[in-house]
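Just passing along the structure, written as structure tokens.
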Amino acid sequence: MRILRVITRLNIGGPSIQALALTSRLAARGATTTLLHGRLGEGEGDMRYLAAPDANLQFVPTLQRAIAPLDDLRTLRALYAAMRAFKPTLVHTHMAKAGLLGRLAVTAYNLTRGNAPRALVVHTYHGHVLEGYFSRTMTAVFIGLERLMARLSDAIIAISPAIRADLLSKYRIGRPEQYHVVPLGFDLAAFAAVDNPARSRARAELQIPEAAPVLATVGRLTAIKNYSLLLDAAHLVAKDRPNLVVLLAGDGELRADLEAQAARLGIATNVRFLGWRRDLPVIYAASDVFALTSRNEGTPVALIEAMATGVPGVSTDVGGVGDVIANTTMGITVPLDDPAALAAAVARLLAEPESRRRMGAVARAHVLARYDIARLTNDIDTLYRKLHAGQA
């Protein structure tokens, strides 16, 4: 099979990790693969360092997350040209912009094929931008476009049952028979290897006192991640635990605003803005509790990584979080925009080290069994082959 995959950009996050991992792993199974990707936004971390040396990546400079009509037309032309040159058996798109332009390009490509076999079309929803990102008018436009793109797709992958239900029931995108739920998969070995000695080494490396309670989070400093809520909750926790350390690994357009908020709340010395880090096992190893405060999530990668390290998570109950924190034995979910509830959950875990240890052990076992990269590769490879054989 000749598999052409298109992703909007290779920024830090689950879609990029999956796209890069599958590019090399599918090639190892005999497929000819190419991954087309666009450019990063300002302040976004770059994950291209994860690409295997022999991975076939091609940069499309006009492909970007922002709406840019002229560049979008250039991208459409570039994707169509790439398909003409590569002659794919299957085109698989990731992220909203690549999903729109990629599916339009492959539709145009198929129309020029005459009697030759058409390229199959697959799109993955790693989440969606239909809630919490844009105005009501723009959201309605995007819903209409996604409904149209679903008609151009042979298969739609949702990375969690919650996302599938949301897209079908709430937004009426696609038909039930088009959907395949394929959870994300990652190479979690480095996180699973973290043990108690690693915790001490991590704290020494980060210059954190052994006795300090540590709350960590990882992600882009953008509105959808809602880190203002994290700081409000940290402020409440720090009233009883003035030695609280908050590790915030990531960067983005709201960094200055969040630094100012921490100063206003009087917790500037508690919060460490670390920027983008590649040593995430060290961050998690040094932590007692992981916090996720997003307004919308597909499958939260950082939460999975923390749980694989044995660190229990406290998260807002949004999107696909419930598929990761499946029950109260492996983490705690709280309502959106409730700093008191978030602070209470964090404080409870910090106050009960034995309960925290048990919860971390259950969390680790759960995510290592469910989100393994080998399982993901097999699921995607099987789906591609079934589609190619006309059986899916």
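The values are calculated or read from the model by the stated rules, or taken from the named source; none is laboratory data. Note that the structure is predicted; figures quoted are calculated from it, not measured. Neighbour counts are summed over all protein chains in view; Cβ atoms, including those assigned to glycine, are modelled from backbone coordinates with ideal geometry. Only protein heavy atoms, including side chains, enter the accessible area calculation; ligands, DNA and RNA are left aside. Shrake-Rupley method; radii C 1.70, N 1.55, O 1.52, S 1.80 Å.
Listed here are the residues, each with its yes/no results for (1) in a helix (DSSP H, G or I); (2) touching a Ser or Thr at 6+ places or on another chain (Cβ under 8 Å); (3) not β-branched (Val, Ile, Thr).
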{"position": "Pro197", "(1), (2), (3)": "yes, no, yes"}
{"position": "Ile208", "(1), (2), (3)": "no, no, no"}
{"position": "Ala211", "(1), (2), (3)": "no, no, yes"}
{"position": "Arg220", "(1), (2), (3)": "no, no, yes"}
{"position": "Ile224", "(1), (2), (3)": "yes, yes, no"}
{"position": "Leu230", "(1), (2), (3)": "yes, yes, yes"}
{"position": "Lys239", "(1), (2), (3)": "yes, no, yes"}
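So that you can scan it fast, the table gives a plain yes or no per residue for (1) in contact with a Gly (Cβ under 6 Å, 6 or more places away or on another chain); (2) assigned to a loop (DSSP other than H, G, I, E, B); (3) more than 24 Å from Met359 (Cβ to Cβ); (4) at pLDDT 95 or above:
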position	(1), (2), (3), (4)
Ala260	no, no, yes, yes
Gly266	no, yes, yes, yes
Thr269	no, yes, yes, yes
Arg277	no, yes, yes, no
Tyr284	no, no, no, yes
Ala291	no, no, no, yes
Arg295	yes, yes, yes, no
Thr299	yes, yes, no, no
Leu303	yes, no, no, yes
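How many residues are open to solvent by 10 Å² or more (accessible area, probe 1.4 Å) and under 21 Å from the mean Cα position of the chain (by Cα) if we restrict to the range 144-164?
The number of residues fulfilling the criteria is 4.
Let me ask something additional. Give me the strands (runs of 3 or more DSSP E) completely within the range 1-109, filtered to those with at least 1 residues that are free of Cβ contacts under 8 Å to residues at least 40 places away in the same chain and surrounded by 22 or more Cβ atoms within 10 Å (Cβ to Cβ), ordered by residue number. Lay out the reasoning, then the answer.
Numbers: elements: 2-9, 32-38, 57-59, 90-94.
Hits in the range 1-109: 32-38.
Then there's this: Can you name every residue in the range 376-391 that is in contact (Cβ under 8 Å) with a residue 40 or more places away in the chain and open to solvent by 60 Å² or more (accessible area, probe 1.4 Å)?
At the first step, the residues of the range 376-391 found to be in contact (Cβ under 8 Å) with a residue 40 or more places away in the chain are 376-377, 379-381, 383-385, 387-388.
Listed by number, the residues that qualify are Arg385, His388.
Then there is this: So which of Thr93, Thr75 is touching a His at 6+ places or on another chain (Cβ under 7 Å) and modelled with pLDDT of 95 or more? Please lay out each step first, then the result.
Numbers: Thr75 fails: touching a His at 6+ places or on another chain (Cβ under 7 Å).
Matching residue, one of Thr93, Thr75: Thr93.
Inside the range 317-335, can you point out the residues that are under 16 Å from Val367 (Cβ atoms), β-branched (Val, Ile, Thr), in a loop (DSSP other than H, G, I, E, B) and open to solvent by less than 60 Å² (accessible area, probe 1.4 Å)?
Within the range 317-335, Ile325 is the sole residue that qualifies.
Please work out if Val314 is at pLDDT 95 or above and not basic (Lys, Arg).
yes
What's the number of the only condition in (1) open to solvent by less than 30 Å² (accessible area, probe 1.4 Å); (2) more than 19 Å from the chain's Cα centre (by Cα) that Ile224 fails to meet?
(2)
Name the residues in the range 371-392 that are hydroxyl-bearing (Ser, Thr, Tyr) and part of a helix (DSSP H, G or I), would you? Working first, answer last.
So in the range 371-392, the residues hydroxyl-bearing (Ser, Thr, Tyr) come out as 371, 377, 382, 384.
Of everything in the range 371-392, those that are hydroxyl-bearing (Ser, Thr, Tyr) and part of a helix (DSSP H, G or I) turn out to be Thr377, Thr382, Tyr384.
Inspect all residues belonging to the range 279-297 and state whether any of them is among the hydrophobic types (A, V, I, L, M, F, W, C), under 22 Å from Ile17 (Cβ atoms), surrounded by fewer than 24 Cβ atoms within 10 Å (Cβ to Cβ) and over 17 Å from the mean Cα position of the chain (by Cα).
yes
Could you grab me the full set of residues in the range 233-292 that are free of Cβ contacts under 8 Å to residues at least 24 places away in the same chain and of a type in the set (Lys, Arg)?
The answer is Lys239, Arg264.
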